[in-house]
1. So, T12, is that one modelled with pLDDT under 80 and of a type outside the set (D, E, K, R) or not?
2. Collect the residues in the stretch 20-35 that are closer than 9 Å to M5 by Cα and among the hydrophobic types (A, V, I, L, M, F, W, C), keeping them in residue-number order.
3. Scan the stretch 13-34 residue by residue and report those that are surrounded by 10 or more Cβ atoms within 10 Å (Cβ to Cβ) and either in a loop (DSSP other than H, G, I, E, B) or among the polar types (S, T, N, Q) (or both).
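The values are calculated or read from the model by the stated rules, or taken from the named source; none is laboratory data. As the structure is a computational prediction, the values presented were derived from the model and not from experiment. In this analysis, Cβ positions are derived from the backbone assuming ideal geometry, glycine residues included, and neighbour counts consider all displayed protein chains.
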Amino acid sequence: MKVRMKVQISGTRNGQEWPAKGGEVELPDDEGAQLCASGLAEPLTDTAEPETATAPDAEKRPARSRKGA
């Protein structure tokens, strides 16, 4: 089961540091389910598309006229 960490866990797992908050890790299904149930991680699916941000439209203002030009 692949999960994304919601928090940073200190220490190691099988000699490897836990991934940082937002990091992803592949775990046995039961271990991943326990982390998700306790709120420490969220499950990932293979079909999940990454989130994308959309910038708001820029405010349009009328052109200023130049004095003396």
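1. no
2. A20, V25, L35, listed by residue number.
3. To start, the set of residues in the stretch 13-34 that are surrounded by 10 or more Cβ atoms within 10 Å (Cβ to Cβ) comprises 13, 17-25, 27, 31-34.
Scanning the stretch 13-34 gives W18, P19, A20, K21, G22, G23, L27, Q34.
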